[in-house]
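Each remark here refers to the structure printed beneath this line.
The values are calculated or read from the model by the stated rules, or taken from the named source; none is laboratory data. Bear in mind the structure is a predicted one, so any value in this text is a computation, not a measurement. Here the Cβ positions follow ideal geometry from the backbone for every residue, glycine too, while neighbour counts run over all protein chains shown. SASA here: full protein model, heavy atoms, side chains in, ligands and nucleic acids out. Shrake-Rupley method; radii C 1.70, N 1.55, O 1.52, S 1.80 Å.
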Amino acid sequence: MSDTFTTVGILGGGQLARMLAISGAPLGLRFLVLDNAPDACASQFVPMVLGDYTDEKALEDFVRQIDVATFDFENVPAESAAWLMERKPVYPKPRALAVAQDRLAEKTLFTEQGIPVPPFVDVTSRESLIAAVDVVGLPCIMKTRRLGYDGKGQFRIKSLADVDAAWSALGAQADRTGLIVEGFVDFDRELSVVGVRSASGEFRTWPLTENWHVDGVLSASLAPALVSDELATTAYKYARKLAEALDYVGVFALELFCKGDTLLANELAPRVHNSGHWTIEGAETSQFENHLRAVIERPLGSTACVGVSCMLNWISELPDANPILSVPGGHWHDYGKISRSGRKVGHATLRRDTVRELVSALEQVGVELNRMPQVASVLARLSEY
Ligand code: AMP
């Protein structure tokens, strides 16, 4: 199919690279992963260059064999991305990556684009932390500006008495990653928009997704989110503004807090996203396929929903697959990783035509897998409809 881009290079060989490769096979694509972990899970069936993102020899070996580069990991050093861009097309472009890597740059962009955010202040010292808490108010959260993900590199400050503990926990990061303090949002729900933009500027979003996190890590997603059309339209508008401002190419996710009728932007993930995994079975074209279509400069596919989907994340270890495999519309994804505490090792998607059918599938697997706490919030939400 693709006579221009036949080999897609992916920086990072985790589950996102693995799912990109799976979805790229029907497009006739080949893949090459760059990762410094010999057991990176994509390497089970994708050839790999073993090396660090800053290792010029590895980068040279990688770039020589690919036609276009993309990312499974957003914290690739900006210099490496820029080095690659001088040699081969890189999507998304390194500038988008640089903005999304830094919570301060990201929130500044949101504000410039008229997208509401929780109050935020840059923190450089213990004294500036106290001043920042005064500005954003209590409770608030201190986060590392860079290299934080899945709730890591965060400290909640409930009262002024927590400031010393927060500084002891993260103060040493002030010079390395930078720090930011932001107001704690007492949200009703968390939502995400997964969007895609092509090199020629064509833009689409999948239907809004509703997400539940446990300890800062995604636990479950429901799509389409059960929210008003107005709210969804606002979310899509924000996503489009950001994609255009960054001249973005590929798939990205915008994470949002929803409080009443207001949406506040939390962060932009410049890659395919965990909250979009349901699109593999629950949409006409998955986020993985559309990311590749954008990257190889081909027309985008329809992002329309096919029924109603719930994605359940498997953290640390996989449960028994059989209850998922035996329920109608149940789909299993094992990332081929060794179990480790806090690690994303797989997910399941339940896709049904109606909310009623999805409720019954969720109840069944929730009981059989002893996972009722994980599915309870999704069931509670579905029961409102
Ligand atoms: P993040 O790494 O910024 O995506 O944060 C991970 C999770 O922590 C989010 O999905 C929320 O559940 C929670 N969280 C992060 N920032 C805030 C905030 N400002 N207010 C309330 N909850 C937050």
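I need the peptides 240-248, 188-196, 131-139, 350-358 ranked by packing, meaning the mean over residues of other C-beta atoms within 10 angstrom, with the highest value on top. Mind dumping the intermediate values first?
Working: 240-248: 19.7, 188-196: 23.8, 131-139: 15.7, 350-358: 17.8.
Taking the mean over residues of other Cβ atoms within 10 Å, the ranking is 188-196, 240-248, 350-358, 131-139.
Looking at region 7-90, the DSSP beta bridges with both ends there are about 0 percent antiparallel.
Pull out the extension gain between D334 and L147, defined as 0.36 nm times the separation in residues minus the alpha carbon to alpha carbon distance; nm, one decimal.
This chain segment gains 64.7 nm when fully extended.
Averaging Cα coordinates gives a centre for region 279-307 and one for region 255-273; these two points are 21 Å apart. With an a/c value of 1.5 or above and a/b not larger than b/c for the gyration tensor axes a ≥ b ≥ c computed over the alpha-carbon atoms, region 78-132 is described as oblate.
Between D215 and D39, how high is the FRET efficiency from 1/(1 + (r/R0)^6) when r is the Cβ-Cβ distance and R₀ = 22 Å? Nearest 0.05.
On the way: r = 25 Å, r/R0 = 1.15.
Step by step, r from the Cβ atoms, then E = 0.30.
Based on the Cβ-Cβ distance from A304 to E127, what FRET efficiency comes out when R0 is 56 Å, to the nearest 0.05?
Between A304 and E127 the formula returns 0.60.
Which percent of the accessible area of the chain is formed by carbon and sulfur heavy atoms (probe 1.4 angstrom)?
Working: 7870 of 15830 Å².
Heavy-atom surface of the chain belonging to carbon and sulfur, 1.4 Å probe: 50 percent.
Model label points for V135 and R356, set 7 angstrom from Cα along the Cα-to-Cβ axis, are 5.4 nm apart.
Two numbers describe the Cα atoms of region 7-90: Rg and Dmax, which are 11.4, 33 Å.
Tell me whether the chain comes out rounded, prolate or oblate; compute the Cα gyration tensor, take square roots of the eigenvalues as a ≥ b ≥ c, and use a/c under 1.5 as the rounded threshold. All intermediate terms of the calculation are to be shown ahead of the outcome.
Working: a/c = 1.44, a/b = 1.05, b/c = 1.36.
It comes out rounded by the Cα gyration axes.
Under 5 Å between amide hydrogens, built in the peptide plane, is the criterion, and for M48 it picks out V33 among residues at least 5 positions away or on other chains.
Available extension along the chain between A25 and E112 is 27.4 nm, counting 0.36 nm per residue and deducting the alpha carbon span.
Rounded, prolate or oblate: which one fits region 119-183, using the alpha carbon gyration tensor with axes a ≥ b ≥ c (rounded when a/c is under 1.5, else prolate when a/b beats b/c, else oblate)? Rounded.
Working from label points 7 Å from Cα in the Cα-to-Cβ sense, the R95 to K237 distance is 2.5 nm.
In deg cm²/dmol and to the nearest 500, what is the mean residue ellipticity at 222 nm of the chain if only DSSP H runs of at least 4 residues count, each as -39500 (n - 2.57), divided by the residue total? Write down the numbers at each step before the final one.
Details: 14 runs with 127 residues, N = 385.
The per-residue figure over the chain is -9500 deg cm²/dmol.
Taking every protein chain into account, the accessible area of the chain amounts to 41 square angstrom per residue (probe 1.4 Å). Which entries in the list K107/K337; K107/K241; K158/K237; K152/K237; K152/K337 go over 23 Å, if you measure between the two C-alpha atoms of each? With Cα atoms farther than 23 Å apart: K107/K337; K158/K237; K152/K237.
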